[in-house]
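> Can you keep this structure in mind? I'll have questions shortly.
The values are calculated or read from the model by the stated rules, or taken from the named source; none is laboratory data. In this text, all values refer to a predicted model and were calculated from it rather than measured experimentally. Note: ideal-geometry Cβ built from the backbone for every residue, glycine included; neighbour counts use all protein chains shown. For accessibility, only protein heavy atoms count, side chains too; no ligands or nucleic acids. Shrake-Rupley method; radii C 1.70, N 1.55, O 1.52, S 1.80 Å.
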Amino acid sequence: GVSALPPRLALGIGRRLGDLAYWVVYPKTRVALRQIATALGRSLTPSEQRAVIHRMYREFGQGMIEFLRLPRMVAEGRLEDLVAVDGEEFLRAAYAQGKGVLILTAHYGNFELLAAWFAAKGYQANLVTRRLRNGVLDRFWAAQRRRLKIRGIFKEQSVKAVIARLRRNEGMGYVLDQNMGLDQGVFVEFFGRPACTMTAVAVLAKRFGSPVVPVFISRDRRDPTRHRIVFE
């Protein structure tokens, strides 16, 4: 499959898939266009807004292809070919406190590659996740994560399970940029509008003294086959 293709050719296929998705799921595209107009309408022209959303779909397509290629890359010990890392000392210092680590990230860049990096490096870290609505896709996604040794915990699992992992000095990874229900979030201002955001990270940090380590991954603009992970 795509895991045997040269990296740049595989990414080219991913970009074409993104081009296709832009039009195939156009109702979702319209939502994205409305959202970017609300957030950045004063700083970007309509054509620039469309270009941003189009690039987002292309990035998502590339990320999907990379996700399919990851098990082979990890098995062959070639993950270092994909990523450069800045600030890992902040993560190590957080684990050294012995209070568990709250890892804060977002749907930014190839976050599945970020999760695979944690697993490949041997960090005791769990990704807090939700089930996909499509059962077939959900099972495939879960199986692929198991192949990558990505440790997940579903949101519907008890808070006790999260607390137990923190007490074992494990990491809990939260992807924070999601709309929450009123029973799980608080409203804060986001681009001038109220948005209901997750409170779990703040509550756990305050209650258990667990350090919060923000981390983000982005694609290298000069070499799209590589990524940079930055811990803060």
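> What's the number of the only condition in (1) modelled with pLDDT of 90 or more; (2) closer than 23 Å to Pro71 by Cβ that Val128 fails to meet?
The number of the failed condition is (1).
> Just give me the residues in region 1-59 being in contact with a strand residue (DSSP E or B) (Cβ under 8 Å, 6 or more places away or on another chain) and more than 22 Å from Asp81 (Cβ to Cβ), in sequence order.
Taking region 1-59 as the starting set, the residues that turn out to be in contact with a strand residue (DSSP E or B) (Cβ under 8 Å, 6 or more places away or on another chain) are 38, 59.
Answer for region 1-59, where residues must be in contact with a strand residue (DSSP E or B) (Cβ under 8 Å, 6 or more places away or on another chain) and more than 22 Å from Asp81 (Cβ to Cβ): just Thr38.
> In addition: Give me the pairs: first residue in region 90-108 and on the phi > 0 side of the Ramachandran plot, second residue of a type in the set (Asp, Glu), beta-carbon distance under 8 Å, and six or more apart or on different chains, which are they?
That search, which allows pairs on different chains as well, returns Gly100/Glu170.
This table checks each residue for (1) of a type outside the set (Val, Ile, Thr); (2) under 30 Å from Arg165 (Cα atoms); (3) in contact with a helix residue (DSSP H, G or I) (Cβ under 7 Å, 6 or more places away or on another chain); (4) at pLDDT below 95.
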residue: Leu11; (1), (2), (3), (4): yes, no, yes, no
residue: Arg15; (1), (2), (3), (4): yes, no, yes, no
residue: Leu20; (1), (2), (3), (4): yes, no, no, no
residue: Thr29; (1), (2), (3), (4): no, no, yes, no
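> Out of all the residues in region 171-190, is one or more of a type in the set (Asp, Glu) and either without any contact (Cβ under 8 Å) to a residue 12 or more places away in the chain or under 15 Å from Leu113 (Cα atoms) (or both)?
Within region 171-190, one or more residues are of a type in the set (Asp, Glu) and either without any contact (Cβ under 8 Å) to a residue 12 or more places away in the chain or under 15 Å from Leu113 (Cα atoms) (or both).
Each row is one residue, and each column tells you yes or no for (1) under 18 Å from Asp223 (Cα atoms); (2) modelled with pLDDT of 95 or more; (3) open to solvent by 50 Å² or more (accessible area, probe 1.4 Å).
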position: Leu33; (1), (2), (3): no, yes, no
position: Leu40; (1), (2), (3): no, no, yes
position: Arg55; (1), (2), (3): yes, yes, yes
position: Glu59; (1), (2), (3): yes, yes, yes
position: Leu68; (1), (2), (3): no, no, yes
position: Pro71; (1), (2), (3): no, no, no
position: Ala75; (1), (2), (3): no, no, yes
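> Among the residues of region 12-27 satisfying the criterion of being over 12 Å from Phe60 (Cβ atoms) and touching a residue at least 24 places away in the same chain (Cβ under 8 Å), which is surrounded by the fewest Cβ atoms within 10 Å (Cβ to Cβ)?
Arg16
> Another question about this same structure. On the given criteria, is Pro46 out of contact with any helix residue (DSSP H, G or I) (no Cβ under 8 Å at 6 or more places or on another chain), of a type outside the set (Gly, Ala, Ser) and more than 27 Å from Val128 (Cα to Cα)?
no
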